[in-house]
Amino acid sequence: MEPTQTVARRSRGRWLILFGILLSALTLSGIAASPAMAVTGSTATEAEEFEYFFSGNVTFDDEPLEGVRITVEGNGYDAETETDAEGKWTIGVPEKAEYELTLDEDTLPEGVVVEDGQATVTAEFGLTNRKSVNFFLGEGQRVTTDIAAQVLIRVVNGLNFGLLLALAAIGLSLIFGTTGLSNFAHAEMITFGALMVLTFGVDLALPIWLAIIIAVVLSGALGWTLDATIWKPLRRRGVALIPLMIVSIGLSLALRYTYQFFYGGSTRQLPGATIPSDIHLGPVTLSWIDVASMATSIVVLLAFAFFLLRTRIGKATRAVSDNPSLAAASGIDVDRVIRIVWVAGGTLAGLSGILWAYFRPGVSWDMGFQILLLVFAAVTLGGLGTAFGALVGSIIVGLFIELSTLWLPSDMKYVGALVVLILVLLFRPQGILGRRERIG
């Protein structure tokens, strides 16, 4: 392959990935719109959409309070509503499970607080499909978190999210660098890891540490299988990049709905996913799961950096990513390197899915697709085909998503990450760590 052809391939790949980001954004916007809708009162539309409801009254001194915000979170679902003129509120939820309901004290009148600081309560349905939840108000002064503490909390959460995002993004970036493929089925490789932990750790009741090890190994095996049965035969036939991308989209849909067929449409929890946050570092509160997640991500990323920089296979991988034809002429077995990249990419994606299941928290059939847009954004932002660029892009995306909630509604935080992506590419089209290349 001539250098100009390699450059042209990377240029086409950049446009394919940007097209994929736009396609994913349009699809995700339709998905995200329904579960995040605010519910006020009980209407016919809500009755069709939800089967279970939380409701209550917010009053102070026998006077109803209007416009008080109530949010519900749990089981991979979140929504919010506001009280009406009579102080009443209703929120529908998709399934019968345990949820946390929070009253936003900032929306209460001056001098009114929730008694004993019980602004968040845990509620679960009984025998009926409706549960009444009330917050008891009293006079007092609200204790607010200053802006510096809020920034610090969000920085820690952003690093946690960015690190797990990097695991998925590095695998996707290496696959693109060595094959030129924009793999939309990478989302289902992420989901696969979490589903395997659910299968072995919950359904088969194995120890959770053993279930995680089995899931990571099977994720690597999935990467090997996909390359051996689909991608290598297509490469040998000389199939162009656009048809390959369409195949990856079809594979993504097939795997996703296969997951839904076998695991159902509900969200299930992994063992330990809801343990309390009892580690306090100033204003930051973490759970042991958070600490283990960040530590695992850092160790794996350091090990993978050593693999790429210090081992013969790692150097061969970087050579194939830079110029496959020249690497083949130098005696490197390109097909073997690509097979190793697929195994490594599947392993990293599966581990990322496990950490994502604990971060959300919850395991669902489409959980990988929910962050596919962000993985593509991280890869493009850092520089196509570069593992270290994917790491930098993921950290930036994770931090910006969490910090943007200081001034953006939570439903809009993913949009902010795309704005950063667009701005960076306008001034540096090759990405942060990508190399400037000439076409022609």
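With only Lys, Arg, Asp and Glu charged, each at its Cβ (+1 for the first two, -1 for the last two), find how big the charge dipole of region 44-144 is about the Cα centre; round to the nearest 20 debye.
Charge dipole of region 44-144: 280 debye, to the nearest 20.
As an exercise, use a Förster radius of 56 Å and the Cβ-Cβ distance of Ala292 and Glu86 to find the FRET efficiency, rounded to the nearest 0.05.
Once the sixth-power term is evaluated, E becomes 0.75.
Using θ = phi - 60° and the Karplus form 6.51 cos²θ - 1.76 cosθ + 1.60, what ³J(HN,Hα) does each residue of region 352-364 get, whole Hz, x for Gly and Pro?
4, x, 5, 5, 5, 5, 7, 6, 4, x, x, 10, 9
Hand me the chymotrypsin sites (Phe, Trp or Tyr not before Pro) from region 200-235 located in a DSSP loop with no more than 10 other Cβ atoms within 10 Å, in residue order please.
none
Could I have the simple spin-label model distance between Ser330 and Ala205, label points 7 Å from Cα toward Cβ, reported in nm to one decimal?
Placing both labels 7 Å beyond Cα along the Cβ direction yields 5.4 nm.
For region 340-440, run through the trypsin sites (Lys or Arg not before Pro) and keep only the ones in DSSP coil with at most 14 other Cβ atoms within 10 Å of their Cβ.
Here the sparse-neighbourhood loop sites are Arg435, Arg436, Arg438.
For Gly56, which sequence-distant residues (separation of 5 or more, or a different chain) have an amide H within less than 5 Å of its own amide H, given hydrogens modelled in the peptide plane?
Here the answer is Trp89, Val133, since their amide H atoms fall under 5 Å of that of Gly56.
From the Cα gyration tensor of region 294-437, with a ≥ b ≥ c the square roots of its eigenvalues, which class applies: rounded if a/c is under 1.5, or else prolate if a/b is larger than b/c, or else oblate?
oblate
Name the shape class, rounded, prolate or oblate, that the alpha-carbon gyration tensor gives for region 44-144, where a ≥ b ≥ c are the square roots of its eigenvalues, rounded holds for a/c under 1.5, and otherwise prolate holds if a/b is larger than b/c and oblate otherwise.
In terms of gyration-tensor shape, prolate.
Sort region 173-329 into rounded, prolate or oblate with this rule: let a ≥ b ≥ c be the square roots of the eigenvalues of the Cα gyration tensor; rounded if a/c is under 1.5, and if a/c is not under 1.5, prolate when a/b is larger than b/c, oblate otherwise.
Judged from the Cα gyration tensor, region 173-329 comes out oblate (a/c at least 1.5, b/c at or above a/b).
Rule-based calculations on the coordinates, nothing more; no lab input. In this text, all values refer to a predicted model and were calculated from it rather than measured experimentally. Neighbour counts run over all protein chains shown; Cβ positions are idealised from the backbone, glycine included.
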